[in-house]
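One structure is given below, encoded as structure tokens.
Throughout, read-outs are computed from the coordinates displayed, never taken from laboratory work. These numbers come from a predicted model, not from an experiment. With ideal geometry, Cβ positions are generated from the backbone for all residues, glycine too; neighbour counts draw on all protein chains shown.
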Amino acid sequence: MAKAPEAAVALPAANVAAWRLARQRLAGDPAKNPETVARDLVGVQAQVLSSAALSIALRTGDRVEATSEGLRKRRLLRLWAHRGTLHIFAADDVPTIVALRRPMEPWRRPAWLRYFGVNEAQMEQAIEAVGAILDDGVPRTRAEIAEVMEAEYGKAFADLVRGSWGSFLKQAGNRGYVAQAWTEDSSVAFVRPDRWLKAWRVHDPNAATREVVLRYFAAYGPATSAELNRWAGLTGRGLKPVLKDIGDELTEVDVDGERGLVRTRDLPEIEAAKPLPDGGVRLLGPFDPLIVGAGLRGQLIPEAHLSRVSRTAGWISPVVLIDGAVAGVWSSARDGTRLRITIDPFGRPTAKLRSAIAKAAERVAEVQGTDPVVEFGPVFATGNAPDEP
């Protein structure tokens, strides 16, 4: 007779929310520095650099400029990673992320090769050519890389670099050849991570995958395997064998009717977690890691308001977080030294709650070095992309 599956461990949603806020560095002691945040969260989405800097600052209490400083001093590095999107990582995490993504070669599929207009051997040669060009550690712009490619390999290879919104350079990035270097004038220049960073190690891809999956559950769990996959895009790596391999380190839990996985070692801490006395009111910026990556999304974002949070063209709105769940959205606009923040709660907040939301908004302005002007009203009603913070 087959062995009956073990029952899921029941966890109250309030405990999970309080524990997750602490793991996300949104409650308790702030993070020591930006690289601590990047390490704890296994990367911070940085397609929009100012959004990443805000997400980090709200977890450290430092000004947003601290992220730029970390990039300048090479304590942080920006590269294509999860979901093929630019992220900021702690420098000592980059070898792990490179090892995780190195086996990912979607370009070998015929449809991709047709898109790039080359055959498999040519694509392999072009990727290796980028690695060779950046091997000296000198930052180069896209145009500069293309110029060398054209001189040494011809126009067809140069066009791979010039076009496709960086799609080709992402493939070279998966092999560990491309990251974005800090530049004083904020221009985009590319470097090889193993030549740019002060220290490097070669990490085994299987060990890296195992490590990153466990770290995901430590920061974003409880979550389903589908939610893990949505965050990192690991289907092509064979996610089932990885989860089977680490199965003894994970436990299935039931959180008010929704099931997910969490690290077994985290269960006592979750069961002991207490809701925050201030209601856990926080304002999070656009593309915040919690909103992008957290599991049991149905409990995090009310279904009725999902389209206002996860919006057209991949935009993730700035949100109001109350007791670990999204309870509104907000926008901001600069006016000289002032930051006008407009808050749109999903319900009708009490006077006490409005005051707590306004206080959280003041912190958003503080980390950006501006004076807050807080008001309540509708935002994102037309479907346009949100303003930069």
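If you plug the beta carbon distance of residue 155 and residue 366 into 1/(1 + (r/R0)^6) with R0 = 51 Å, you get a FRET efficiency near 0.50. Assuming charge only on the beta carbon of Lys and Arg (+1) and of Asp and Glu (-1), the dipole of the chain about its Cα centre is about 200 debye to the nearest 20.
3J(HN,Hα) along the stretch 328-341: x, 10, 8, 9, 8, 8, 7, 9, x, 8, 9, 10, 8, 10 Hz, from the Karplus curve 6.51 cos²θ - 1.76 cosθ + 1.60 with θ = phi - 60°, whole Hz, x for Gly and Pro. Note on the chain: Lys pairs 8 or more places apart or on different chains, Cα atoms under 30 Å apart, count 14. Placing +1 on the Cβ of every Lys and Arg and -1 on the Cβ of every Asp and Glu, with no other charges, gives the stretch 274-358 a dipole of roughly 180 debye about its Cα centre.
Simple rule: put +1 on each Lys or Arg Cβ and -1 on each Asp or Glu Cβ in the chain, find the dipole, and look at 86, 337, 353; the Cα lying farthest toward the positive end is 353.
Annotation: amide H of residue 379 has no partner in the under-5 Å range at sequence separation 5 or more or interchain, hydrogens built in the peptide plane. Residues whose amide H comes within less than 5 Å of that of residue 250, counting only those at least five positions distant or on another chain, are 264 (H built at 1.01 Å from N in the peptide plane).
Packing around the peptides 219-232, 305-318, taken as the average count of other Cβ atoms within 10 Å per residue, puts them in this order, highest first: 219-232, 305-318. Applying 0.36 nm per residue to the separation of residue 29 and residue 313 and subtracting their alpha-carbon distance, the gain on full extension is 98.7 nm. Between residue 224 and 261, 296, the built amide H atoms are under 5 Å apart, and every one of these is 5 or more places off in sequence or on another chain. Applying the criteria of a DSSP loop state and at most 15 other Cβ atoms within 10 Å to the trypsin sites (Lys or Arg not before Pro) of the stretch 2-64 yields 3, 32, 63. Computed from backbone phi with θ = phi - 60° and the Karplus coefficients 6.51, -1.76 and 1.60, the 3J(HN,Hα) list for the stretch 217-225 is 5, 5, 9, 10, x, x, 8, 8, 5 Hz; x is used for glycine and proline.
Segment residue 204..residue 73, full-extension length gain: 44.5 nm, with 0.36 nm per residue of separation and the alpha-carbon distance subtracted. Rounded to the nearest 0.05, what FRET efficiency is calculated for residue 125 and residue 352 with R0 set to 51 Å and r the Cβ-Cβ distance? E(calc), rounded to 0.05, equals 0.20. Using θ = phi - 60° in the Karplus curve 6.51 cos²θ - 1.76 cosθ + 1.60, the 3J(HN,Hα) couplings for the stretch 353-363 round to 5, 4, 5, 5, 5, 4, 5, 5, 5, 4, 5 Hz; x is entered for Gly and Pro. By how many degrees, between 0 and 90 and to the nearest 10, does the Cα long axis of helix 49-60 differ from the longest principal axis of the chain? The angle comes out near 50 degrees. In the chain, the calculated helix contribution to ellipticity at 222 nm averages -12000 deg cm²/dmol per residue, counting -39,500 (n - 2.57) for every DSSP H run with n ≥ 4.
Counting only DSSP beta bridges whose two residues both lie in the stretch 282-376, roughly 75 percent are antiparallel.
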